[in-house]
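The values are calculated or read from the model by the stated rules, or taken from the named source; none is laboratory data. Treat the numbers as computed from the prediction; the structure is a model and nothing was measured. Cβ sites come from the backbone with ideal geometry, for glycine too, and all protein chains shown count toward neighbours.
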Amino acid sequence: MKAYGLIGYPLSHSFSEKYFNEKFLKQQITDCTYKLYELPDINAFPELIKTIPNLHGLNVTVPHKEKIISFLDEVETEAAEIGAVNVIKFQEGKTIGFNSDYQGFLQSLQNFCPQESPMQALVFGTGGASKAVLAALDYLGISYQLVSRSPKSGQLHYHDLTIPLIAAYPLLINATPLGTYPQIDNCPPIPYEGISTKHYLYDLVYNPAETLFLRKGREAGAKTKNGHEMLIRQAEVAWQIWNS
């Protein structure tokens, strides 16, 4: 039996286990299992993988997408450039890191946002998830500004955001966990009064289906999208990686 799974912490909100096990059932894949492996401390990763027989692949979620890199034998070029890994392939005794978030977000954003006109984006969050987002924006030629609670040089703090600034950026992307179940009353602390019918709000969070961030955008007339399609697309890319 080929073993697959997800590492991260916490995993109570995870989509992956249900998705892959339903996929195995529908496609009559009888030689694979997919399980959740909660991993509060990334330093426990080497011991964890020793306990899983016939391990073929893992997904990686928060908070380990960046820290996992130092534990891997190899990292595929695109994932190394992004600086985050969310897929691990076990091949001939080696662990190889990939990033399927990039393709998942890119494909999903192309389905959501018009490409014919110049677009500027504000990206909330600077963790592993945001790195795949930035790579996709670079590919599409969309200029962006990062917003963080602890900004580095060239980044904005949430305190810097004004109504006119929000109005000037048509694409707003939440790449933080804010609003994820069960903390559904949370959202990025931005001046939502600056949002209008010209805005596109994308939230990488998928549970709940409409976060407070998206609800505030919808109520202001903006177009909104959650991270569900991105998740499905990145999961399929991960499956291709494991089976290539």
Members of region 85-107 that are β-branched (Val, Ile, Thr), in contact with a helix residue (DSSP H, G or I) (Cβ under 7 Å, 6 or more places away or on another chain) and either closer than 10 Å to Ile241 by Cα or in a helix (DSSP H, G or I) (or both): Val87
Pairs where the first residue, in region 136-151, is in contact (Cβ under 8 Å) with a residue 60 or more places away in the chain and the second is aliphatic (A, V, I, L, M), C-beta under 9 Å, 6+ apart: none
Residue count for region 112-137, restricted to those that are in contact with a helix residue (DSSP H, G or I) (Cβ under 7 Å, 6 or more places away or on another chain) and in a helix (DSSP H, G or I): 6
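Could you tell me which residue of region 43-79 is farthest from Ser16 (Cα to Cα), considering only residues that are small (Gly, Ala, Ser) and surrounded by 16 or more Cβ atoms within 10 Å (Cβ to Cβ)?
Among those residues, the one meeting the criterion is Ala79.
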Test set (1) in a helix (DSSP H, G or I); (2) closer than 30 Å to Phe90 by Cβ - Asn207 fails condition number: (1)
Every residue from region 216-235 that is buried (at least 16 other Cβ atoms within 10 Å of the Cβ) and charged (D, E, K, R): Lys216, Lys223, Lys225, Glu229, Arg233
Subset tally (residues that are of a type in the set (Lys, Arg) and under 25 Å from Glu17 (Cβ atoms)) for region 198-238: 2
Matching strands (runs of 3 or more DSSP E) fully within region 1-60 where at least 1 residues are acidic (Asp, Glu) and out of contact with any His (no Cβ under 6 Å at 6 or more places or on another chain): 32-38
Per-region count, region 138-171, residues in contact with a Leu (Cβ under 9 Å, 6 or more places away or on another chain), in a loop (DSSP other than H, G, I, E, B) and either of a type in the set (A, V, I, L, M, F, W, C) or surrounded by 15 or more Cβ atoms within 10 Å (Cβ to Cβ) (or both): 3
Residue under evaluation Phe20, criteria (1) at pLDDT 95 or above; (2) within 19 Å of Gly127 (Cβ to Cβ); (3) within 18 Å of the chain's Cα centre (by Cα), criterion not met: (2)
Contacts under 7 angstrom Cβ, first residue in region 112-134 being in the same structural domain as Gly8 (by TED's automatic domain parsing) and at negative phi, partner surrounded by fewer than 21 Cβ atoms within 10 Å (Cβ to Cβ) and among the basic types (Lys, Arg), 6 or more apart: none
Options Lys26, Lys35, Lys89; residue that is under 18 Å from Leu231 (Cβ atoms), in contact (Cβ under 8 Å) with a residue 12 or more places away in the chain and not β-branched (Val, Ile, Thr): Lys35
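From the residues in region 172-199 that are in a loop (DSSP other than H, G, I, E, B) and aliphatic (A, V, I, L, M), which one is farthest from the chain's Cα centre (by Cα)?
Ile195
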